[in-house]
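Taking it in order: structure first as structure tokens, then the write-up.
The values are calculated or read from the model by the stated rules, or taken from the named source; none is laboratory data. Being a predicted model, the structure only gives us computed values, none of them experimental. Heads up, the Cβs are rebuilt from the backbone with ideal geometry, glycines too, and the neighbour counts pull from every protein chain shown.
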Amino acid sequence: MTVLPLDDVCKDRLREYGIEDQKLCDLACFSPGETVIREGDEIHKLYLIVEGKVRIYSVLPSGKELTLMYHESKGVLGDWEFLSGNHTASATSVAETPVRCIRVSYKEKLINNVGFVRRIASDSIERARRVSNNYVSAALQPSEKQVCAYILNSYPNGMILDYLTSMSKATGVSYRHLLRIIHKLCSEGILEKSERGYRITDLERLKAYSY
């Protein structure tokens, strides 16, 4: 992570959120793969995303990463913790691309900023709606479409290196049925077996199967 002074784009974003005291803020830059917030850590800052794509996920008891949603060039990280007063991060956020975030320190006067709290609450509600829709969509999708969507969202580097038992638990698809789906995707040239797992070979068709 690299910390830089605020630029004009950042200052405009802060004004959108009703923040005039820029002494509370700095600009943090993250490289792809770098963790912004780690689940379980204590956090005392909000992160307003200015640029880049961030993946938010939780870790299941099996150790599998369950992708909850993505933020791209907008959105707030740490909003639920700020509003609830519980400063333990509820999920992990990782930069998928180069990411620039405005870090806003928690201060007593921040919670008393009515315009800021309203904006954060609105963003938080929208985030909850998107996460809920993702869960509902997954629950209602046919198994094959659900597995394809899971692969698309969980393995952006194109390599599936996890055990299929973990994927079975994460998607709710039985292990036997999951094997049939994976075999079908391989026979159609969408996936390819490798020494370490599977590789996505036809991203466009995988996307088509996911929607």
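Name the single residue, out of those in the stretch 194-211 being loosely packed, with under 11 Cβ neighbours inside 10 Å and acidic (D, E), that is nearest to the chain's Cα centre (by Cα).
E204
Looking for something modelled with pLDDT of 75 or more, farther than 30 Å from Y163 by Cα and surrounded by 18 or more Cβ atoms within 10 Å (Cβ to Cβ) - is there at least one such residue anywhere in the stretch 56-66?
Within the stretch 56-66, none of the residues are modelled with pLDDT of 75 or more, farther than 30 Å from Y163 by Cα and surrounded by 18 or more Cβ atoms within 10 Å (Cβ to Cβ).
I'd like the residue in the stretch 72-130 that is modelled with pLDDT of 80 or more, among the small types (G, A, S) and surrounded by 14 or more Cβ atoms within 10 Å (Cβ to Cβ) and, out of all such residues, is nearest to D41 (Cα to Cα).
Looking at residues that are modelled with pLDDT of 80 or more, among the small types (G, A, S) and surrounded by 14 or more Cβ atoms within 10 Å (Cβ to Cβ), I get A89.
Scan the stretch 159-176 residue by residue and report those that are in contact with a helix residue (DSSP H, G or I) (Cβ under 7 Å, 6 or more places away or on another chain) and closer than 17 Å to S210 by Cα.
Across the stretch 159-176, the qualifying residues are I160, M167, S168, A170, T171, V173.
Taking V94 as the residue in question, decide whether it is part of a strand (DSSP E or B), touching a strand residue (DSSP E or B) at 6+ places or on another chain (Cβ under 7 Å) and within 24 Å of M167 (Cβ to Cβ).
So V94 fits the description; yes.
For the stretch 32-74, how many residues are among the β-branched types (V, I, T) and either assigned to a loop (DSSP other than H, G, I, E, B) or in contact with a helix residue (DSSP H, G or I) (Cβ under 8 Å, 6 or more places away or on another chain) (or both)?
The number of residues fulfilling the criteria is 3.
For the stretch 1-33, name all the residues that are within 11 Å of C101 (Cβ to Cβ) and of a type in the set (D, E, K, R).
Once the filter is applied, which keeps residues that are within 11 Å of C101 (Cβ to Cβ) and of a type in the set (D, E, K, R), the stretch 1-33 yields R13, D26.
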